[in-house]
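Read the structure below first, then the notes.
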Amino acid sequence: MGDNSVRTLQEKIRGLLYKRNAILLAHNYQLPEVQDVADLCGDSLELSIKASETDAEVIVFCGVHFMAETASILCPDKKILLPVSSAGCPMADMITAEQLREKKREMPDAVVISYVNTTAEVKAESDLCCTSANAIHVANSVDKALPILMTPDKNLARYTKKHTDRKISYWDGYCVYHNSLTVERVKKVKKAYPNAVFLAHPECRPEVLELAEEAMSTSGMIAYAADSDQREFIIGTETGILHPLSKANPDKHFIPADPNMICTDMKKTGLKEALLALENLEPEVKVPEEIRVKAKNAVDRMLAVRVR
Ligand code: SF4
């Protein structure tokens, strides 16, 4: 798509957003041209919380399905549009509510902490939610005597387990992209950029996190890079994050730990799809009320945990 057509589509989107009393939210992994037209960019929970604070009646969520569901959980009175309904999260799909119910029958005392990257139905079966930024604090908020079951990401769970004294067992899920980052690959990039700081997402494998100077969420990386005096950073997460990092820090150099870490589902939404969703006010994502109330309880319990 040429610059002109990108600009034209972005102008059409901005015009329709105004007309529809809508806002467009884009996850940090979205295509650059989608992030550039957004009212807000950020990680999934951050976006949903901001969505619940606006007066807009319509939210165009450029991300994947569980994110639009989270927005629906927190903003039941708003119309939530997911421009491409097939944009999902393979990790979120690694556990179903029925599978979780079965696991809970095996571990009746366990406190279930589910990553925000889960379906609304799985959240509804969970005691608490967590994000990659607050997982350790959420685990520490649980009574020491009780076992914890973390779903669905085994890597986030192992990272959390390492940094708490809680008894944590976990589901065998993972993000196919973060889990594909290898020690060999990271060592090679580190050798090529010996002065760079390696920032890795907790969805990466434990042995990869061992090599990182810092393990943090996408929003954490954005804040860290802005505050740091360092000039070079190796980024161990989905490559979409390079756009906001470079845009906010034009004098700093961001190197992908692996340029192949591209989430296919995150790239399904283009400007044309966002425009079409605004024109037709669909596809809509609406979590049924019974599930929404239970899922919101898990999200609220997470939000009540103080993060120091
Ligand atoms: S990057 Fe991984 S966790 Fe994020 S949406 Fe894609 S598959 Fe899911």
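Given (1) open to solvent by 30 Å² or more (accessible area, probe 1.4 Å); (2) within 29 Å of Thr151 (Cβ to Cβ), identify the lone condition not met by Asn21.
(2)
Identify all residues within the stretch 262-308 that are small (Gly, Ala, Ser) and over 16 Å from Asp127 (Cα atoms); write none if there are none.
Selection gives Gly270, Ala274, Ala277.
Of all residues in the stretch 67-85, which are out of contact with any His (no Cβ under 9 Å at 6 or more places or on another chain) and either open to solvent by 10 Å² or more (accessible area, probe 1.4 Å) or on the phi > 0 side of the Ramachandran plot (or both)?
Result: Glu69, Leu74, Pro76, Asp77, Lys78, Lys79, Pro83, Val84.
Restricting the stretch 101-122 to residues that are closer than 22 Å to Ser72 by Cα and over 15 Å from the mean Cα position of the chain (by Cα), which is surrounded by the most Cβ atoms within 10 Å (Cβ to Cβ)?
Result: Val122.
How many residues, within the stretch 39-57, are touching a residue at least 24 places away in the same chain (Cβ under 8 Å), open to solvent by 20 Å² or more (accessible area, probe 1.4 Å) and of a type outside the set (S, T, N, Q)?
Qualifying residue count for the region: 7.
I'm trying to understand the selection: among the residues of the stretch 217-238, which are of a type in the set (D, E, K, R) and away from the ligand (no atom under 14 Å from the Cβ)?
Asp227, Asp229, Arg231, Glu232
Kindly check whether there is at least one residue in the stretch 268-291 that is within 16 Å of the ligand (Cβ to nearest atom), at pLDDT 95 or above, open to solvent by 20 Å² or more (accessible area, probe 1.4 Å) and on the phi < 0 side of the Ramachandran plot.
Within the stretch 268-291, one or more residues are within 16 Å of the ligand (Cβ to nearest atom), at pLDDT 95 or above, open to solvent by 20 Å² or more (accessible area, probe 1.4 Å) and on the phi < 0 side of the Ramachandran plot.
If a residue must be free of Cβ contacts under 8 Å to residues at least 40 places away in the same chain and open to solvent by less than 20 Å² (accessible area, probe 1.4 Å), how many such residues does the stretch 127-159 contain?
So the answer is 5.
Does the stretch 239-267 hold any residues that are in contact (Cβ under 8 Å) with a residue 60 or more places away in the chain, of a type in the set (Lys, Arg) and either touching a helix residue (DSSP H, G or I) at 6+ places or on another chain (Cβ under 7 Å) or surrounded by 18 or more Cβ atoms within 10 Å (Cβ to Cβ) (or both), and which are they?
Within the stretch 239-267, no residue meets the criteria.
Looking only at the stretch 69-87, how many residues end up being closer than 28 Å to Ile136 by Cβ and in contact with a Lys or Arg (Cβ under 9 Å, 6 or more places away or on another chain)?
6
I need a count of the residues in the stretch 237-271 that are among the charged types (D, E, K, R) and under 23 Å from Val84 (Cα atoms).
Residues that pass the stated criteria total 4.
Are any residues in the stretch 170-204 within 14 Å of the ligand (Cβ to nearest atom) and among the small types (Gly, Ala, Ser), and if so, which ones?
Within the stretch 170-204, Gly173, Ser180, Ala200 meet the criteria.
The values are calculated or read from the model by the stated rules, or taken from the named source; none is laboratory data. The shown structure was predicted, so the numbers you read here are calculated from the model rather than taken from an experiment. Don't worry about glycine lacking a Cβ; one is built from the backbone with ideal geometry, like all the others, and counts go over all protein chains shown. Side chains included, ligands, DNA and RNA excluded: accessible areas come from the protein's heavy atoms. Shrake-Rupley method; radii C 1.70, N 1.55, O 1.52, S 1.80 Å.
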